[in-house]
Amino acid sequence: MNTSSDATAATAPADVLTTPAPPISIDEAAETALRHFGVTGTVRGLTSERDRNFHIAAPDGQGYVLKFTNPAEPQLVTSFQTGAMLHVAARDATLPVPRVVPTLEGEAQTTVQVEGCGMVLRLLTYLEGTPLHAAPASPGQMRALGTTLARLDLALADFDHPGSQRDLLWDITRVPNIAERLHYVEDASRRRMVEHFVARFTDEVAPRLPTLRHQVIHNDLNPHNAVVDPVGHEAVTGIIDFGDALKAPLANDLATALAYHVTSGETPFGSIVAMTRAYNAVLPLTLEEVELLPDLVAGRLALTIGITAWRAAEYPENSAYILRNAERAFAGLDRLTGAEAATATRLIHLACQEE
């Protein structure tokens, strides 16, 4: 592995979802961490959809994540993500988001060459706790997620960066584009359900989105990107992975988070009601945002179905990881577009009414 002192990486024309990152061994990661950050410890690999990430357990007990960014990701986008984390730390130091650890030269990121590919290198603090997907859901947990996400959106409200203008497939605004990938959904009845919703979203929802509030959002608060207290499982101890952050409708951030909890809760739609109410108490939604929220949640589920079906077909060796949220997405979309749709809409409206 060759290293470079440049603070930028060459922009590649390929897409990060279709460009595999070069392999990096544990020993290479350990040597890189020591050379650029002066950090040593026990190193293990972490699963990632597109990057090469490693966990480092330092002797003093501090944990770190060493990130080798996919070479297809434009440097401007990587710098935007780094800037967003730095901005959040400056705006709300108590928010549980990763902190950027500077290089030995005092830079927020540097570049390494791996098999001839420029990869931006960063070191972030590791946030301890239980991954949300491994913790039992509860109303208190949902409230904590809503409150923390609202605080994060408030911290990002005045952040601006040219890299935030992204054409990202995981952006709910892009739901109409997923129609061309729905043929990868093998079950015919499920495919028709998604196709029907995407057509309605394209005609009725998409034209209204430009009028909503726009700002930089995290855009990926899924159960693998949130960490909770290991004892009570309610306090949020981490929101990680800014890899899908972008400037988009503010309501998309809440909708993305809600999409993973449509089918959970002690009562029908109980989890999404609790999270929505807590979010709205900190960062009130406008009437139009409330009206569109159920369709935005369903839009995220449609994206999950279409994107994961496509990627699982393209990368069958990684299909288990890619499809980890697929069944939940089908069940959630069915509830939001079928016989229970009116109930979901009514409960979300009630959750956003002033106390």
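Kindly provide the set of residues from region 169-225 that are modelled with pLDDT under 95 and of a type in the set (A, V, I, L, M), ordered by number. The answer is Leu169, and nothing else. Has region 222-241 got any residue that is open to solvent by less than 50 Å² (accessible area, probe 1.4 Å), over 24 Å from Arg311 (Cβ atoms) and part of a helix (DSSP H, G or I)? No, region 222-241 has no match at all. A single entry from Thr256, Thr173, Thr202 fulfils the requirement of being touching a residue at least 60 places away in the same chain (Cβ under 8 Å), surrounded by fewer than 21 Cβ atoms within 10 Å (Cβ to Cβ) and β-branched (Val, Ile, Thr): Thr173.
So which of Gln141, Gln113 ends up being in a helix (DSSP H, G or I), more than 17 Å from the chain's Cα centre (by Cα) and over 18 Å from Ser48 (Cα atoms)? Walk me through how you get there before you give the answer.
Details: Gln113 fails: in a helix (DSSP H, G or I).
The match here is Gln141.
Of everything in region 51-77 that is open to solvent by less than 10 Å² (accessible area, probe 1.4 Å), aliphatic (A, V, I, L, M) and in contact with a helix residue (DSSP H, G or I) (Cβ under 7 Å, 6 or more places away or on another chain), the residue that is farthest from Asn318 (Cα to Cα) is Ile56.
Within region 308-336, the set of residues being out of contact with any helix residue (DSSP H, G or I) (no Cβ under 6 Å at 6 or more places or on another chain), among the aliphatic types (A, V, I, L, M) and at pLDDT 95 or above comprises just one member, Ala331. All of Phe37, Phe80 fail the test of being at pLDDT 95 or above, open to solvent by less than 50 Å² (accessible area, probe 1.4 Å) and more than 14 Å from Leu124 (Cβ to Cβ), apart from Phe80. The set of residues in region 26-56 being closer than 18 Å to Thr69 by Cβ and among the hydroxyl-bearing types (Ser, Thr, Tyr) consists of Thr32, Thr47, Ser48. When region 295-313 is filtered for residues that are of a type in the set (A, V, I, L, M) and open to solvent by less than 10 Å² (accessible area, probe 1.4 Å), the ones remaining, listed by number, are Leu296, Val297, Ala298, Leu301, Ala302, Leu303, Ile305, Ile307. Screening Glu289 on (1) open to solvent by less than 10 Å² (accessible area, probe 1.4 Å); (2) closer than 21 Å to Asp334 by Cα; (3) of a type in the set (D, E, K, R) shows it passes everything except condition (2). Looking at Arg44, is it surrounded by fewer than 19 Cβ atoms within 10 Å (Cβ to Cβ), among the basic types (Lys, Arg) and either modelled with pLDDT of 95 or more or farther than 26 Å from Glu314 by Cβ (or both)? Answer is yes for this residue. Of all the residues in region 280-317, those that are more than 17 Å from the chain's Cα centre (by Cα) and of a type in the set (Ser, Thr, Tyr) number 2.
The values are calculated or read from the model by the stated rules, or taken from the named source; none is laboratory data. Here the structure is a predicted model, which means the values were calculated and not measured. Note that we place each Cβ from the backbone using ideal geometry, even for glycine, and neighbour counts take in every protein chain shown. Heavy atoms of the whole protein, side chains included, go into the accessibility calculation; ligands, DNA and RNA do not. Shrake-Rupley method; radii C 1.70, N 1.55, O 1.52, S 1.80 Å.
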